[in-house]
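Here's the structure we're looking at; comments come further down.
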Amino acid sequence: MRKKLTMAAVVAGLGLATATAPPATAASDETVVTFTIDSGDLTIDAPDAVDLGSVASDATSISGPIGPVKVTDKRGVLNGSWTATAVSTDFTTGGATPPETIPSTNVTYTPGAETGHTGTGTFTPGPGGVINVPRVAFTGTDLVGDNSVTWNPSLTITIPDGKVAGTYTGTITHSVG
């Protein structure tokens with residue numbers, strides 16, 4: 001008995017498959033996305049004014065806190081640092097004659113401990129001392145990203161003999177860099 005072969009059987013017998021369309025490949029494209037974090041400012045804020053009170057004419061000194069001082073660092077640094085300093089002017093009353101002047105060499109600054117901070121870093125009070133020249137008030141080291149620290153320094157003003165009665169005014173300048 002003879003078998004009749006069809007064309008499909010012949011093709012299959014030869015190992016040839018019927019033609020089918022190849023699978024479609026997925027198309028793709030890449031988009032590179034960038035953005036920038038802008039650097040901000042390094043600032044210091046201190047009270048605008050403070051009244052240490054009053055003492056008797058025979059007092060040898062007056063002391064008191066001057067209120068919170070805060071450094072805010074919005075520079076977004078990696079392993080950054082800053083140093084805050086304090087310096088005093090002379091304190092004067094009336095016409096600022098020698099009997100009406102307490103020199104800045106009689107002004108002592110004590111930073112005290114931090115009262116709070118934000119961010120990552122090491123915040124260290126300065127040693128304090130006479131602030132007739134800029135002295136370290138506080139430092140920030142090992143800073144990462146934004147940070148801030150607050151402290152509440154005190155002043156002691158030694159009153160020399162021979163000073164007249166009156167309201168003495170001086171300026172404490174805090175700086176950071």
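Each reported figure results from applying straightforward, stated rules to the coordinates on display, with no laboratory input. Keep in mind it's a predicted model, so treat the numbers as computed, not measured. Note that we place each Cβ from the backbone using ideal geometry, even for glycine, and neighbour counts take in every protein chain shown.
Observations on the model:
- Net charge, Trp82 excluded, C-beta distance under 11 Å - Lys, Arg +1, Asp, Glu -1: 0
- Alpha-carbon spread of the chain, three principal axes, descending order, Å: 143, 26, 23
- With K and R counted +1 and D and E -1, the other residues having a Cβ less than 15 Å from that of Thr150 yield a net charge of -3.
- Of Pro160, Pro111, Pro22, the residue with the greatest mean-square motion in the GNM of the chain, using alpha carbon springs below 10 Å, is Pro22.
- Computed over the range 39-176: relative contact order in percent, which uses C-alpha pairs under 8 Å that are six or more apart: 36 percent
- Annotation: the residues Ser104, Ser154, Ser61, Ser88, sorted from fewest to most other C-beta atoms within 10 Å of their own C-beta, follow the order Ser61, Ser154, Ser104, Ser88.
- For Phe91, Phe138, order by how many other beta-carbon atoms lie within 10 Å, fewest first: Phe91, Phe138
- Positive-end extreme of charge dipole, the range 39-176 - chosen from Ser57, Ser81, Val71 (charges on Cβ): Ser81
- Net length gained if the chain between Asp38 and Val50 were fully extended (0.36 nm per residue, minus Cα distance): 0.8 nm
- Assigned charges on the beta-carbon of Lys, Arg, Asp, Glu; the chain dipole about Cα centre (debye): 1640 debye
- From helices alone, the chain scores -1000 deg cm²/dmol at 222 nm; the rule is -39500 (n - 2.57) for each run of n ≥ 4 DSSP H residues, then divide by the residue total.
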